[in-house]
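For reference, the structure discussed in these notes is given below.
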Amino acid sequence: MRTFIAIDLSPDIKNRLTAAVKQLKPLATGIKWVAPENYHLTLKFMGEVSEPQVEIIKAVLDKLAGKYQKFSLVARGTGSFPPGQSRMRVIWVGLEAGPELFSIQAELEEALSQQGFEKEERPFSPHLTIGRAREPQRQDRLKAELDRLGQQEFGSMEVKEIELFQSILRPEGPEYRIISRHYLK
């Protein structure tokens, strides 16, 4: 099964992001916007894993979550990858948190690599993907609005848990199901 480890976002943040995407949609063509129920902060994409591997991941998450206190997360700012260009591939909202988030992600990466899972090569950059370009093309109006929303806050929440998700690919878009929840102290 196809899986990833993430932090689900609060309904308040999801609602504010939905309103922002509603403003952004008419400004560009060729963008596949993420469904609001699928907004999340990915800590690690696992890809295809077997049932026994799912149990190993759950055990790692149980041990890790029990070591960390709840912490705050703020959704703020917008941008795109590659940065600073109007031919964007990914449209994102920034996610800010204290050192806890980076410690959890780094420790998660290390613990899973000790269990035989591949380490991510790219540095961790907390963000929420809200749209993807089918084919990069000039999107000047969208870029201007993303620049304008560069410091906009979309809400904050207390992170209380980490989830292991299953990703089911469907023609109309992915469906995410929570496999397990792992609660912070």
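Bear in mind these aren't lab numbers, they're just calculated from the coordinates by the rules spelled out. Nothing here was measured: the structure is a model prediction, and the numbers come from that model. Reconstructed Cβ throughout: ideal geometry from the backbone, glycine too, with neighbour counts over all protein chains shown.
Odds and ends about this structure:
- Sum of -39500 (n - 2.57) over DSSP H runs of 4+, divided by residues of the chain (222 nm, nearest 500): -9500 deg cm²/dmol
- Size descriptors for the chain: radius of gyration and Dmax over Cα atoms are 16.8, 48 Å.
- Those residues of segment 38-75 whose amide nitrogen sits under 13 Å from the label point placed on Glu107, 7 Å along Cα→Cβ: 60-71
- Gaussian network model of the chain, springs between alpha carbon atoms under 10 Å - residue of Lys14, Lys67, Lys32 with greatest fluctuation: Lys67
- Averaging the sequence gap over all C-alpha pairs within less than 8 Å and six or more residues apart, then dividing by the number of residues, gives the chain a relative contact order of 34 percent.
- Between 0 and 90°, nearest 10: helix 99-114 axis offset from the chain longest Cα axis: 60 degrees
- Listed peptides 6-12, 171-177 appear in the order 6-12, 171-177 once ranked by packing, highest mean of other Cβ atoms within 10 Å at the front.
- Cα shape, segment 136-185, gyration tensor, a/c 1.5 rule: oblate
- Note on segment 105-160: the C-alpha convex hull projects to 6.6 nm² when averaged across all orientations.
- Length gained on full extension, Glu153 to Val74, computed as 0.36 nm times the residue gap minus the Cα-Cα distance: 27.7 nm.
- Multiplying the residue separation of Phe45 and Leu169 by 0.36 nm and removing their Cα-Cα distance gives an extension gain of 43.2 nm.
- Ranking Ser86, Ser50, Ala6 by Cα position along the charge dipole of segment 2-99, where only Lys, Arg, Asp and Glu carry charges on their C-beta atoms, puts Ser86 farthest toward the positive end.
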